[in-house]
Amino acid sequence: MDVERQEYLIPANSKRGMLILSVYRPIDLAIVLTGGLITFALFFILGADSFGLVIIELLPALIGAFLTLPIPNYHNTLVLIKEVVDYFTNTKEFKWKGWCVYDEK
């Protein structure tokens, strides 16, 4: 086998290397950090007097965690919600171009 002519097929999961901590895009990290900081500030401002108040204080962090929760076939819940909204609001024309498809006319 000719060593200089080795050709490799890049695996489909190679995009994980482009993510922060192999999980987050910059917007995902911003959502998680913002939710955590708001929750942290609410604990200092409101205190933890009752169970209901603690739940309200935890909501920003829980919402941020829910939106960035990884799910199969999508990057995370935020991407799934975006795809569902796009599907029901935009034209139903999907163009697919795979890894090994050439532009032909």
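Read-outs throughout are calculated quantities, based only on the coordinates presented, and are distinct from any laboratory measurement. Treat the numbers as computed from the prediction; the structure is a model and nothing was measured. Every residue, glycine as well, gets a Cβ built from its backbone with ideal geometry; the counts of neighbours run over all protein chains shown.
Things to note:
- Label point at T77 placed 7 Å out along Cα→Cβ; residues across the range 46-69 whose backbone nitrogen lies under 11 Å: 61-69
- Estimated FRET transfer efficiency (T91, R25; beta-carbon r; R0 22 Å; 0.05): 0.30
- A Stokes-Einstein calculation at 20 °C with viscosity 1.002 mPa s, built on the Kirkwood radius of the range 28-79 over Cα pairs, returns a diffusion coefficient of 185 µm²/s.
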